[in-house]
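Have a look at the structure below, then the notes.
The values are calculated or read from the model by the stated rules, or taken from the named source; none is laboratory data. Predicted model only: the values in this text are computed from it and were never measured. Positions of Cβ are generated from backbone atoms using ideal geometry, with glycine treated the same way; all protein chains shown enter the neighbour counts.
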């Protein structure tokens, strides 16, 4: 169950550094932070998204941590609450990753996941 005294999403130091770098080097002015959420795609149903945020949308939560802002899509909260966002770099890929206690399954390629009913309370 979600503990309201804890942030709905946390960032590792590497993730915070990458968010800071992306916001500072954004292709347009007025970027406040990054928006995170989930969308329906993939073989397991849900996939994370990360995009630039120019404004706070209605009902969005804002997580301020380590000098950066994450805007959490309100329709995604129940799927990502309690997650940790990290940044990984390898010879083959660079990307944000999520450790999500609500996930009950993940596809073989790692691009989509499932949250069983009743687990994200």
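Quick look at the numbers
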item: Test: residue in the stretch 64-87 that is closer than 18 Å to residue 21 by Cβ and at pLDDT below 90; result: no
item: Of residues in the stretch 16-49 being within 12 Å of the chain's Cα centre (by Cα) and surrounded by fewer than 18 Cβ atoms within 10 Å (Cβ to Cβ), the one modelled with the highest pLDDT; result: 49
item: Tally of residues being touching a strand residue (DSSP E or B) at 6+ places or on another chain (Cβ under 6 Å) and either part of a loop (DSSP other than H, G, I, E, B) or without any contact (Cβ under 8 Å) to a residue 60 or more places away in the chain (or both) across the stretch 37-47; result: 4
item: Failed condition for residue 78, given (1) within 13 Å of residue 100 (Cβ to Cβ); (2) in contact with a helix residue (DSSP H, G or I) (Cβ under 6 Å, 6 or more places away or on another chain); (3) surrounded by fewer than 16 Cβ atoms within 10 Å (Cβ to Cβ); result: (2)
item: Positions within the stretch 51-75 being exposed (fewer than 13 other Cβ atoms within 10 Å of the Cβ) and not in a strand (DSSP E or B), in sequence order; result: 55, 57, 58, 59, 67, 75
